[in-house]
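Before any comments, here is the structure.
The values are calculated or read from the model by the stated rules, or taken from the named source; none is laboratory data. Fair warning: this is a prediction, and the values are worked out from it, not measured in the lab. Cβ atoms come from the backbone with ideal geometry, glycine included; neighbour counts cover every protein chain shown. Heads up: the accessible areas ignore ligands, DNA and RNA and are worked out on the full protein's heavy atoms, side chains in. Shrake-Rupley method; radii C 1.70, N 1.55, O 1.52, S 1.80 Å.
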Amino acid sequence: MSTLPNHLQETVTLNNEVHMPWLGLGVYLAKEGDEVVQAVKAAIRAGYRSIDTASAYRNEEGVGQGVREALKENGLRREDLFITSKVWNSDQGYETTLKSFDDSLKRLGLDYLDLFLVHWPVKGKYKDTWRALEKVYAEGKVRAIGVSNFQIHHLEDLLSEAKIVPAVNQVEFHPYLTQKDLLRYCLEKGIQLEAWSPLGQGNLLEHEILQGIAAKYGKTVAQVILRWDLQLGVVTIPKSVREARIIENADVFDFELSAEDIQAIDELNRNQRFGSDPDKNIPK
Ligand SMILES: NC(=O)c1ccc[n+]([C@@H]2O[C@H](COP(=O)([O-])OP(=O)(O)OC[C@H]3O[C@@H](n4cnc5c(N)ncnc54)[C@H](OP(=O)(O)O)[C@@H]3O)[C@@H](O)[C@H]2O)c1
């Protein structure tokens with residue numbers, strides 16, 4: 001399939017023509033300070049161009065520092081990178097989101113973001129939050145806006161009033177939670193699906209069937225899962241703070257899973273979440 005991404009810096013074109021890398025580094029639980037700085041630098045050195053943070057991760061300052069140092073060390077420009085952050089649940093609402101956006105920019109030390117997301121669909125708030133994202137987008141402070149943890153009914157509700165269709169929906173997505181209906185819906189609406197916890201927070205790496213598939217291709221289970229994301233057309237952002245794993249997770253562009261193996265992975269679905277359920281327990 002010639003349309004599949006075949007190198008780490010390959011991008012998908014979002015619904016507003018902005019290019020987003022297919023694979024990026026997630027930094028949830030990467031500690032503020034040296035740990036996150038070094039992870040960001042290792043990733044960019046390895047060829048990553050996309051970093052996914054959030055105000056809730058409390059590591060935006062370190063991400064900003066890692067980005068600045070990596071730009072210098074690798075002779076890159078800001079526009080070579082794709083930086084995502086998110087407005088946290090307790091900051092949702094129109095004015096509070098505008099402030100949260102500015103605070104994220106300040107902590108990151110950036111003058112624009114590539115993508116800003118509504119972190120969770122907080123009931124009664126997310127439409128006002130979305131209007132604030134539409135405003136910062138119109139002002140040119142962010143190149144694309146999107147949502148996270150939105151189910152189909154949240155998207156339907158948002159789209160009934162939104163001026164701008166979200167460019168991205170970042171959701172929990174891995175072989176135990178394959179989200180087929182949501183994936184199809186987002187594809188129809190031109191919303192790019194992005195996988196969080198693609199490795200099931202590390203819980204899927206010992207799975208026997210996945211290990212069998214990985215052995216066949218001479219790859220690791222992590223690489224097989226990330227490749228499965230890409231072949232399904234899903235952007236993916238594995239997290240690691242270890243350089244060897246950061247490199248391993250990006251080495252997924254030199255093989256192709258067969259249709260049978262894609263199906264075998266799809267069949268592992270159990271609708272099982274490792275994170276919160278957007279309809280039941282949105283984090284505070
Ligand atoms: N929007 C949301 O609500 C939301 C929620 C959760 C996550 N996210 C985003 O998605 C990103 C990824 O999700 P995640 O961090 O929850 O989980 P993940 O990427 O599925 O898994 C990360 C875990 O797996 C380990 N790991 C990574 N690569 C490995 C490898 N090759 N071999 C063995 N172990 C490996 C990591 O440990 P080490 O670091 O020690 O290597 C870490 O414990 C987050 O960092 C964040 O950016 C978004």
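Remarks
- Flag for LYS106 being open to solvent by 70 Å² or more (accessible area, probe 1.4 Å) and more than 16 Å from the ligand (Cβ to nearest atom): yes
- Consider the stretch 135-163 and keep the residues that are part of a loop (DSSP other than H, G, I, E, B) and without any contact (Cβ under 8 Å) to a residue 60 or more places away in the chain. The one that is most open to solvent (accessible area, probe 1.4 Å) is LYS163.
- Scan of the stretch 35-48 for residues that are open to solvent by 10 Å² or more (accessible area, probe 1.4 Å) and in contact with a helix residue (DSSP H, G or I) (Cβ under 6 Å, 6 or more places away or on another chain), ordered by number: LYS41, ALA46
- Matching residues, the stretch 183-237, being at positive phi, within 14 Å of the chain's Cα centre (by Cα) and more than 9 Å from the ligand (Cβ to nearest atom): GLY233
- Number of the condition not met by THR236 [criteria: (1) loosely packed, with under 13 Cβ neighbours inside 10 Å; (2) in contact with a strand residue (DSSP E or B) (Cβ under 6 Å, 6 or more places away or on another chain)]: (1)
- Screening the stretch 255-268 for residues that are more than 16 Å from the ligand (Cβ to nearest atom) and outside any helix (DSSP H, G or I) and picking the one that is least open to solvent (accessible area, probe 1.4 Å) gives LEU257.
- All of (1) in a loop (DSSP other than H, G, I, E, B); (2) surrounded by fewer than 15 Cβ atoms within 10 Å (Cβ to Cβ); (3) in contact with a helix residue (DSSP H, G or I) (Cβ under 7 Å, 6 or more places away or on another chain) hold for ASP181 with one exception: (1).
- Among (1) of a type outside the set (Val, Ile, Thr); (2) crowded, with 20+ Cβ neighbours inside 10 Å; (3) more than 12 Å from the ligand (Cβ to nearest atom); (4) part of a helix (DSSP H, G or I) - the single one GLU69 does not satisfy: (2)
- GLN223 among the polar types (S, T, N, Q) and either touching a Ser or Thr at 6+ places or on another chain (Cβ under 9 Å) or open to solvent by 30 Å² or more (accessible area, probe 1.4 Å) (or both): no
- Put simply, of GLU32, GLU17 the only residue that is without any contact (Cβ under 8 Å) to a residue 60 or more places away in the chain, in contact with a helix residue (DSSP H, G or I) (Cβ under 6 Å, 6 or more places away or on another chain) and not in a helix (DSSP H, G or I) is GLU32.
- Any chance TYR57 is crowded, with 20+ Cβ neighbours inside 10 Å, within 15 Å of the ligand (Cβ to nearest atom) and either within 26 Å of GLY275 (Cα to Cα) or among the acidic types (Asp, Glu) (or both): yes
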